[in-house]
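The values are calculated or read from the model by the stated rules, or taken from the named source; none is laboratory data. For clarity, every value in this text was computed on a predicted model and none was experimentally measured. Glycine gets a Cβ as well: all are built from the backbone with ideal geometry, and neighbour counts include every protein chain shown.
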Amino acid sequence: MTDLAQHIWSRLQAADREWLRTLARQAGPHTRVALVGGAVRDALLGQTPLDLDVVAEGTDVETLARASGLPTLFHPAFQNATVTLPDGRTADLVRARRERYPVPGQNPLPHPGTLEGDLRRRDFAVNALALLIGPVGEMTLLDELGGLDDLEARVLRPLHPASLHQDASRLVRGARLAARLGFTADSELLRQVPGALAVAGNTPRLWAELKLLLSEARPGAAARTLEGWGAGELLPGVEWLERLDGLQDAGQSMSPQLYAAAALHTSRDAALLAERLGLGDRPGALLARALSDAYFPDGTPERVLRGLLRPDAPVPLTGRDVLALGVLPGRAVGEALAYLAELRRDGKIGSRQDERAALQKYLKAERN
């Protein structure tokens with residue numbers, strides 16, 4: 001695996017390689033430092049990894065993290081540190097550990113462990129690959145769980161029979177990865193879906209993963225993947241999300257807020273969904289504006305969402321339209337627009353043609 005290890009190393013940014021070398025040197029004898037998870041997976045897929053996760057065995061993580069001189073935030077509960085790299089990205093440096101789940105869905109209890117044990121606690125075999133970095137620069141690729149074979153087959157396979165039941169957020173993370181990387185679900189993953197759904201309501205991390213799904217490059221594809229796996233109930237509005245994907249593919253600018261607003265539109269309890277996902281007020285406010293009769297220019301998020309959810313909605317006359325029809329500049333423009341808005345609310349006009357006719361009638365009455 002020497003060639004693969006060198007390939008992974010070559011895909012890293014030069015500054016990242018230097019930081020990893022420094023960690024390996026500073027960790028000292030009888031320790032092991034390894035780049036793990038998504039960075040190794042993505043490098044083997046030919047991508048340049050940006051998110052770095054590093055596991056250290058046999059050393060104090062806080063001391064190791066601070067020795068680099070980079071800004072560090074230490075989390076004592078899990079003995080891991082978040083390090084801010086020179087370019088502003090953050091990297092996670094964690095103590096090798098094993099985990100026990102006293103209650104499925106809730107946070108696990110961490111215990112000190114080995115690097116191999118740390119890899120076994122992860123979600124999928126393709127995320128359990130590790131690049132071991134020696135103190136003098138030697139590198140070894142560790143594949144304890146068949147991740148290379150799964151990577152070649154482009155398949156997601158859980159690492160043990162209770163994986164998704166212990167942590168249902170792994171199901172959503174898997175759908176995100178599958179849609180992004182073009183992977184399929186192993187039969188073992190599909191077998192575990194009912195167990196994941198059984199504890200989904202008691203898995204706080206699941207909502208964080210669903211929020212991340214809405215920030216994927218193509219959230220509709222990830223949501224459709226979830227539905228295809230039998231877990232469509234976790235996120236409503238798949239058809240709307242897919243249509244937003246289509247608009248994005250056609251060149252329309254999108255944002256996570258647009259996708260979130262579309263999901264809220266078909267939720268049976270939009271306020272509860274927004275709270276669980278930690279969306280704040282902005283997606284709900286965007287949805288309300290899109291469903292209103294207020295005018296928004298082409299290309300704005302409100303107009304895009306309105307075209308999706310209310311394709312037959314009339315485009316209200318604007319102040320410029322009202323002036324062109326003979327209303328004098330000033331307060332009269334606002335009064336005319338308010339009159340038309342009232343007619344729309346009462347359902348008395350339903351098209352721009354109706355608005356023009358109503359406005360002409362209004363103006364005639366005002367002149368008389």
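So the values come out like this:
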read-out: Which numbered condition THR140 fails, given (1) over 26 Å from the mean Cα position of the chain (by Cα); (2) at pLDDT below 90; (3) not aliphatic (A, V, I, L, M); value: (2)
read-out: Every residue from the stretch 152-175 that is crowded, with 21+ Cβ neighbours inside 10 Å and over 21 Å from PRO108 (Cβ atoms); value: ALA175
read-out: The stretch 11-38: number of residues that are assigned to a helix (DSSP H, G or I) and either touching a residue at least 40 places away in the same chain (Cβ under 8 Å) or not hydrophobic (A, V, I, L, M, F, W, C) (or both); value: 15
read-out: Hits in the stretch 349-365 (condition: loosely packed, with under 13 Cβ neighbours inside 10 Å, in a helix (DSSP H, G or I) and at pLDDT below 80); value: GLN353, LYS364, ALA365
read-out: Subset of the stretch 285-299 that is surrounded by fewer than 19 Cβ atoms within 10 Å (Cβ to Cβ) and either of a type in the set (Gly, Ala, Ser) or at pLDDT 90 or above (or both) - its residue that is nearest to the chain's Cα centre (by Cα); value: ALA285
read-out: Filter result (surrounded by 17 or more Cβ atoms within 10 Å (Cβ to Cβ) and either at pLDDT 95 or above or assigned to a strand (DSSP E or B) (or both)) within the stretch 56-84; value: ALA56, GLU57, THR72, ASN80, ALA81, VAL83
read-out: Of all residues in the stretch 5-34 being hydrophobic (A, V, I, L, M, F, W, C) and farther than 18 Å from THR72 by Cβ, the one that is surrounded by the fewest Cβ atoms within 10 Å (Cβ to Cβ); value: ALA14
read-out: Of residues in the stretch 37-55 being among the β-branched types (Val, Ile, Thr) and under 21 Å from ASP87 (Cβ atoms), the one modelled with the lowest pLDDT; value: THR48
read-out: Test: residue in the stretch 134-148 that is crowded, with 21+ Cβ neighbours inside 10 Å and assigned to a helix (DSSP H, G or I); value: yes
